[in-house]
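The structure is given below, and queries will be raised subsequently.
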Amino acid sequence: MAKENRKSTQEKLLLAARRLFCRAGIHATGITRILEEAGVARGSLYKHYGSKENLLKAVFDTEANMWFHWFDLDLPNLECSVRERILALFDLLEKWFEKEDFFGCVFINAVAEHEKDSRWVKDVAGAYRDQIIDRLKALVVESGARDSEVVTQKLGLIIEGAIVTAMVTQNSKAAHIARLAAEDVLRCTECSPSLSESPAPFATDSAMEPV
């Protein structure tokens, strides 16, 4: 029983912290507000996490594990083409958006905050985001898409745009619209020549050129 109670308290703290970090901001959210939102005693936070910093790291870990589970377990188990697995990611996003505990992406919010004295927050969030993007790129490469770097960047922008849109509008269908956009991106890679093979009329960064 004690173990279940401990787990329940941890979940309450994680859920409250994630909700507040996404809605109010990491630096604007204090321990008192987290405790009030979670409905737990102050000693509970220090008992289970020791500090707000450790609680934030736990929130990062929880969200990262969700993404890793998608890429490492859910998508590989689908019996379909690699491109269909990429598109299936947007179906997973839609299910996430439909959940009551969807409050946006804590990584996006963390990277967007500019607190020089808390650089570690952006560093940790950015490192997790890089791991997620690396997994996405591995799928893009496996699919045989031309200019995998550019395609990955496009898909990453679509994914992050869908997350922000779903958070702002509270409409899970943002994932469906994003899926259609992703289909367009992947379809273009089937018929377009590689950027490296196409003459560039202007001297621009190749990462910003359309596929």
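The values are calculated or read from the model by the stated rules, or taken from the named source; none is laboratory data. Just so it is clear, the structure is predicted and the values come from calculations on it, not from any experiment. Ideal geometry is used to build each Cβ from the backbone, glycine not excepted, and the neighbour counts take in all protein chains shown. Side chains included, ligands, DNA and RNA excluded: accessible areas come from the protein's heavy atoms. Shrake-Rupley method; radii C 1.70, N 1.55, O 1.52, S 1.80 Å.
So which trypsin sites (Lys or Arg not before Pro) in the stretch 84-148 pass both tests, a DSSP loop state and at most 14 other Cβ atoms within 10 Å of the Cβ?
Answer in residue order: LYS99.
When the Cα centres of the stretch 1-74 and the stretch 104-164 are compared, how far apart do they sit, in Å?
The stretch 1-74 and the stretch 104-164 have Cα centres separated by 22 Å.
Suppose the chain between LYS95 and ALA24 were pulled fully straight at 0.36 nm per residue; how much longer would it get relative to their current alpha carbon spacing?
Length difference between fully extended and current span is 23.2 nm.
With a 1.4 Å probe and all protein chains left in place, how much accessible area per residue does the stretch 59-191 have, in Å²?
Value returned for the stretch 59-191: 51 Å² of accessible area per residue.
Something else about it: Taking 0.36 nm per residue of sequence separation and subtracting the Cα-Cα distance, how much length would be gained by fully extending the chain between TYR46 and GLU11, in nm to one decimal?
Gain in length upon complete extension: 11.2 nm.
Still on this model: Could you list, in their original order, any pairs among LYS99/LYS137; LYS137/LYS173; LYS122/LYS154; LYS12/LYS52; LYS52/LYS95 whose Cα atoms are separated by more than 20 Å?
LYS99/LYS137; LYS137/LYS173; LYS122/LYS154; LYS52/LYS95
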